[in-house]
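Written below as structure tokens is the structure these notes are about.
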Amino acid sequence: MADGGDGFIGRCDVVEPRRGNRRWPDHVKARIVAESFQPGTRVVDVARR
């Protein structure tokens, strides 16, 4: 068997999903919105920062 016959496969990490939405302070939200309205700026570029 590939596991050596003892039944132990190896390490297993459990990753829990995020819960809820991020909480952004108002001044951060205002900056993000202002950046997204700049001419030539794509929302996706602002979101990736």
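All of the numbers you see were taken from the coordinates with simple rules; none came from a lab. Just so you know, these numbers come straight off a predicted model, no measurement behind them. Backbone-built Cβ (ideal geometry, glycine too); neighbour counts: all protein chains shown.
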Integer Hz, Karplus 6.51/-1.76/1.60 couplings in order for segment 7-22, x for Gly and Pro: x, 8, 8, x, 6, 9, 9, 9, 10, 7, x, 5, 10, x, 8, 5
Under the Karplus curve 6.51 cos²θ - 1.76 cosθ + 1.60, θ = phi - 60°, whole-Hz ³J(HN,Hα) for segment 39-48, x wherever Gly or Pro sits: x, x, 9, 9, 4, 4, 5, 5, 5, 6
Residue-averaged 222 nm ellipticity for the chain, from DSSP H runs of 4+ at -39500 (n - 2.57), nearest 500: -9500 deg cm²/dmol
0 to 90° range, to nearest 10: angle between helix 26-36 axis and the chain longest Cα axis: 80 degrees
Net charge contributed by nearby residues that have their C-beta within less than 15 Å of Asp45 (K/R +1, D/E -1): +3
